[in-house]
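Please treat every number below as a calculation from the coordinates, not as lab data. Computed from a predicted structure; not experimentally measured. For neighbour counting, all protein chains shown are included, and Cβ atoms are generated from backbone atoms with ideal geometry for every residue, glycine included.
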Amino acid sequence: MTVTSASGLRVAELAAEVGVSPDTVRYYERAGLLAPPPRTASGYRVYPPETVDRLQFIQGCQRFGLRLKEIGELLAVRDTGVCPCEPAEQLIRRHIAELDAEVARLSALRSDMARTLASLPEGQCPAVPPGNWCPPGEEGGDGCV
């Protein structure tokens, strides 16, 4: 079926409306997040106006760090006419737990780095064996780290 561009948005228009690149729109289509749109007689994609809302939904999900597979699952629920709030809540809770674990990991890393920095000698740096931060005999005998 061919259509006229007056009945929808070309890829560049859609992309500009949502604030993404045309390549991003095409990628979402290839990934299955957007249905392949009808085309004009000359082969241009013409997306229905409601695609703007769908792209904004996808962008919102990505801001929360959801993966494309997860977004696809939410869109599948949404496409049935059912509110995707319950599965979205589960996904967001899982991502919050992942973020909390990452924050704890980064906090521990920061503490380790601060301890290492505090143990570095000021001024002239003595000879340090390869693979160590501190000379033998300091902070544990065989180097700080």
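Among the conditions (1) within 29 Å of Asp100 (Cα to Cα); (2) of a type in the set (S, T, N, Q); (3) exposed (fewer than 14 other Cβ atoms within 10 Å of the Cβ), the only one that Ser7 does not satisfy is (1).
The set of residues in region 35-61 being in a helix (DSSP H, G or I) and either in contact (Cβ under 8 Å) with a residue 24 or more places away in the chain or surrounded by 14 or more Cβ atoms within 10 Å (Cβ to Cβ) (or both) consists of Thr51, Val52, Arg54, Leu55, Gln56, Phe57, Ile58, Gln59, Cys61. Residues of region 10-34 that are free of Cβ contacts under 8 Å to residues at least 12 places away in the same chain, under 18 Å from Leu68 (Cα atoms), surrounded by fewer than 14 Cβ atoms within 10 Å (Cβ to Cβ) and of a type outside the set (Ser, Thr, Tyr): Asp23, Arg30. Can Cys61 be described as farther than 14 Å from Val25 by Cβ and touching a Leu at 6+ places or on another chain (Cβ under 8 Å)? When the stated conditions are applied, Cys61 passes them.
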